[in-house]
Every structure is written in structure tokens, then in C-alpha cells.
């Protein structure tokens, strides 16, 4: 069950990471900012082949899932007043 806690920690950190990347790299392309957000989330929660005691069997699928979460958060933020303040 430890893996679910780590995944939730990843998800929880995404909005803060997206905001931080937007503040720091707002002038860069969307793909550059997305890559930075993915790196920030991965490093912050310690995703490097394992999630706690659980192995990540397929790194590419995990990163793809995390990428979709980042896209979803960006979509939600862009649909709010937050986007207007930028």
C-alpha cells in the first residue's frame, strides 16, 4: 500500500510544481515547462526506479501517467482566473 501513498504524494505536488515552473520559466515553451514540472515532481517525491519499497516496472508508463496529471492540472488552472493573473 506504500505505493499508493507515493503516487498520491506525486499528484499532490503537481499544482505547486506547475505554478513554480510557470513563475520561473513563463517565457519558455509549453513543452519545456512541462518537462521542468515533471522533473521537479519526480525529484521532489524521489521517483527514481522505485516508489518506496515498490519497483516501478515500466518507467515510461509511469512518466506518461504523471505527464497526463500535469496536463490535467495545467488545463484546470488555465480554465480559472489563475490564468488571467499571469
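Derivation of every value follows stated rules applied to the coordinates shown; laboratory data play no part. These numbers were taken from a predicted model, which means no experiment stands behind them. So basically every Cβ, Gly included, is an ideal-geometry build from the backbone, and we count neighbours across all protein chains shown.
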Quiz item: By count of other Cβ within 10 Å, fewest leading, how are 23, 74 ordered?
Solution: 23, 74
Quiz item: Any idea how far apart residue 24 and residue 80 come out in nm if each label point goes 7 Å out from Cα toward Cβ?
Solution: 2.1
Quiz item: For the residue pair residue 59 and residue 12, what label-to-label distance in nm results when each label sits 7 Å from Cα along the Cα-to-beta-carbon direction?
Solution: 2.6
